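Down below is the structure, laid out as structure tokens.
The values are calculated or read from the model by the stated rules, or taken from the named source; none is laboratory data. These figures come from a predicted structure and were not determined experimentally. Counting neighbours? That spans all protein chains shown, and the Cβs are built from the backbone with ideal geometry, glycine included.
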Amino acid sequence: MRILITALTIAFLSAGCSTGLHSSKMSELLKISDYTVREKDISSANPTSFGNVAVWMNIETMNHRGGLESKWKWEQHDVNIAKSYLDSMVKDGQINGYKFVKTSELETKTIGSLAKKAGEDAGSAIVIKMLVEVDWYFNPAAILDWTIIAAYWIPGSNRDALAKTRIEFIDLKNKRLLFSSEGEKFSRICEPAFLIDTNEVVSEAKINSLRDAFKGLYKKMSDIRNRKYESEKK
């Protein structure tokens with residue numbers, strides 16, 4: 001009986017709490033744009049390439065009150081992932097080339113400001129918008145942290161991170177959204193309080209969300225080009 005009680009106590013102390021992330025609210029915020037959003041079937045335009053593209057990456061953090069703030073930033077490995085997909089688009093002839101527009105260079109986060117900074121040589125834009133939300137809480141076992149030794153082996157802390165990415169492909173000339181792709185990833189770490197790393201769980205969610213969104217974008221662009229080739233064969 002004593003062994004059973006001990007086992008149940010350990011199970012209780014090792015259990016985490018439920019997550020407090022707001023997935024639906026994040027989706028609503030990501031879909032808000034400063035231009036008319038119209039999902040459009042562009043197969044009739046039969047593009048084989050979208051020309052030169054301006055790329056704008058914007059990341060914000062959603063707090064527990066539902067507001068936005070600048071806490072988590074783009075890391076170099078995030079930018080490298082974006083570059084790898086963009087390089088593949090150039091190699092496959094989906095776009096002619098690309099250049100990044102820094103957020104700090106935009107007076108306001110509007111399509112007009114983006115078009116101005118993109119220059120006349122860019123007829124399209126890829127806008128990468130990401131929202132990150134982090135939830136953290138202590139396992140009841142954290143009460144034993146005062147023993148120091150227990151803090152190193154009891155999973156007393158949890159970190160949950162949700163990253164949502166929306167990539168929009170925009171016709172700069174007509175200021176309209178042509179198509180979009182979304183990615184969402186959840187990551188969790190449950191470790192001893194002294195060892196947990198919030199950056200690690202956020203980084204994992206960001207990278208996987210960004211990859212998912214780019215995969216969706218790449219597929220949509222490939223489908224458009226394939227439809228063009230199929231129509232030319234007929």
Tell me the residue from 185, 215, 175, 206 that is over 18 Å from residue 137 (Cα atoms), among the charged types (D, E, K, R), at pLDDT 80 or above and surrounded by fewer than 17 Cβ atoms within 10 Å (Cβ to Cβ), please. 215
When you look at residue 157, is it surrounded by 19 or more Cβ atoms within 10 Å (Cβ to Cβ) and modelled with pLDDT under 90, yes or no? yes
Failed condition for residue 108, given (1) of a type in the set (S, T, N, Q); (2) at pLDDT below 80; (3) surrounded by fewer than 20 Cβ atoms within 10 Å (Cβ to Cβ); (4) touching a helix residue (DSSP H, G or I) at 6+ places or on another chain (Cβ under 9 Å), with all others met? (4)
Just name the residue that is modelled with the lowest pLDDT out of those in region 188-202 that are crowded, with 16+ Cβ neighbours inside 10 Å and assigned to a loop (DSSP other than H, G, I, E, B). 193
From 93, 97, 123, which residue is over 19 Å from the mean Cα position of the chain (by Cα) and surrounded by fewer than 12 Cβ atoms within 10 Å (Cβ to Cβ)? 93
